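To start, I am sharing the structure in question, which I have written as structure tokens.
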Amino acid sequence: METPPSILFQLGASHHTAPLAVREKLAISQDRADDLAARLRLITGVREFALVNTCNRVELYGVVQHPAIFASLREALCAVTGCTPAELDSAVSLRQNHDAIAHLFAVASGLDSQIVGETEILGQVKEAYDGALEKRWTGPVLNRVFQKTFQAAKHIRTNTAIGAGQVSIATVAVDLAGRIFGELAGTRILVVGAGEIGLKTVQAFQSRGATSITVASRTLARAEEAASLAGGWALSLAELPEAVANADIIASSTSSPDFVLTREMLAAAIKRRPARPLFLMDLALPRDVDPAAAQLANVFLYNLDDLAEIAEQNIAHREAEVARCHAILAERTAALWPQVSHSLNQGKP
């Protein structure tokens, strides 16, 4: 009997399929990613895999020998994330073969992002692939698909206007703060977290005239580095309670698995400045700010989904380019699929 061809697949959840609370539960740390990889290696018939894990999506790409293996993949995701099978099934989507390629092309090109046309996702996909390649998780099929993905995304960036008027979560957050407070020059700003998003947030505040910027990070040296970009001040997370009490605007983007800004901390801060509103922007997943803080008087809290909704209003002019981009990617997907299909049938690059 002839052996059936292997299957290229994408299995995962994004902002399209899962609310923030479920995406938060699905978020996979490096330790959990390694745990997932170890489990996948034990599943007979899993030939290749790579994990794309961002603040808005957790997607597993791979090659399996039989569709029955998808049940084992779901079991592994449940075990690693703590999601129940019902939660997982309500959140994840499964794409196979041609559709999996088309989806990855759209993801890397920014067409599937909360903010259509954003550029950060391409770097995140490249980082995910480089990590999988280094750990020998990928093989001839995924190597070809990801390389072609990067070429397609570069073509979209170069030959369309999908990225015109570039916005990001950080810039949207800062623009919102500017609309609420007006001039930012006299506003006291606290940025919690000195990673990539934290740095972009500091730069965005500075570009809009903010002059009083404090950066807090678990690692003081990183806080000092970020603060130096704006001539600001650096703090450790241990100093947060005092800093929160003095801030007008707080933007938080750490990688902490727990709330960094708890309701209790924020309630204590509000008592010290009852007449002054506190504007909170939670740019993290899992969330940094306890959602219960929104119930406090004079506290205004925005999370990733809130900011993405605002961003959609800012990028309507990109929509005309979306159909053109999808048409270009459809042509490239159609050109790549016969090559991948041959590899899946023959087990050759």
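The values are calculated or read from the model by the stated rules, or taken from the named source; none is laboratory data. Small disclaimer: the values here were computed from a predicted structure and weren't measured. All Cβ positions, glycine included, derive from the backbone under ideal geometry; neighbour counts span all protein chains shown.
Table: residues versus (1) over 13 Å from L283 (Cα atoms); (2) surrounded by 15 or more Cβ atoms within 10 Å (Cβ to Cβ); (3) in contact with a Pro (Cβ under 6 Å, 6 or more places away or on another chain).
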| residue | (1), (2), (3) |
| --- | --- |
| V174 | no, yes, no |
| R188 | yes, yes, no |
| E196 | no, no, no |
| A204 | yes, yes, no |
| R218 | yes, yes, no |
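Per-residue answers, yes or no, for (1) within 30 Å of Y302 (Cβ to Cβ); (2) touching a Leu at 6+ places or on another chain (Cβ under 7 Å); (3) in contact (Cβ under 8 Å) with a residue 12 or more places away in the chain; (4) not aliphatic (A, V, I, L, M):
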| position | (1), (2), (3), (4) |
| --- | --- |
| Q147 | no, no, no, yes |
| H155 | no, no, yes, yes |
| T158 | no, no, no, yes |
| G163 | yes, no, yes, yes |
| S168 | yes, no, yes, yes |
| A173 | yes, yes, yes, no |
| G178 | yes, yes, yes, yes |
| L184 | yes, no, yes, no |
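Considering each of V107, V64, V116 in turn, give the residue that is within 20 Å of W137 (Cα to Cα) and not hydroxyl-bearing (S, T, Y).
Working: V107 fails: within 20 Å of W137 (Cα to Cα); V116 fails: within 20 Å of W137 (Cα to Cα).
From the options V107, V64, V116, the qualifying one is V64.
Being modelled with pLDDT of 95 or more, closer than 25 Å to A21 by Cβ and of a type in the set (V, I, T) is the filter here, so list the residues in region 93-124 that pass it.
Residue satisfying the conditions is V107 alone.
Next question, about the same structure. Determine which member of the set A50, A71, A18, A27 is at pLDDT 95 or above and under 23 Å from the mean Cα position of the chain (by Cα).
A50
Among the candidates A173, A132, which residue alone is part of a helix (DSSP H, G or I), at pLDDT below 90 and under 22 Å from the mean Cα position of the chain (by Cα)? So that I can check it myself, show each step before the final result.
Details: A132 fails: at pLDDT below 90.
Being part of a helix (DSSP H, G or I), at pLDDT below 90 and under 22 Å from the mean Cα position of the chain (by Cα) holds for just one of A173, A132, which is A173.
Could you count how many residues in region 135-164 are more than 21 Å from the chain's Cα centre (by Cα), assigned to a loop (DSSP other than H, G, I, E, B) and either modelled with pLDDT of 95 or more or not hydrophobic (A, V, I, L, M, F, W, C) (or both)?
Qualifying residue count for the region: 6.
Give me a count of the residues in region 208-224 that are in a helix (DSSP H, G or I), in contact (Cβ under 8 Å) with a residue 12 or more places away in the chain and not hydrophobic (A, V, I, L, M, F, W, C).
Of region 208-224, the ones in a helix (DSSP H, G or I) are 220-224.
Still in the running and in contact (Cβ under 8 Å) with a residue 12 or more places away in the chain: 220, 222-223.
Now narrow it down to the ones that are not hydrophobic (A, V, I, L, M, F, W, C): 222.
Number of matching residues: 1.
Inside region 9-46, can you point out the residues that are closer than 16 Å to A308 by Cβ and not aliphatic (A, V, I, L, M)?
Passing the criteria: S14, H15, H16, T17, P19, R23, E24.
Can you list residue pairs whose Cβ atoms sit under 8 Å apart, with the first residue in region 125-136 being under 14 Å from F105 (Cα atoms) and the second being at pLDDT 95 or above and of a type in the set (S, T, N, Q)? Count only pairs 6 or more apart in sequence or on different chains.
V125/T149; Y129/T138
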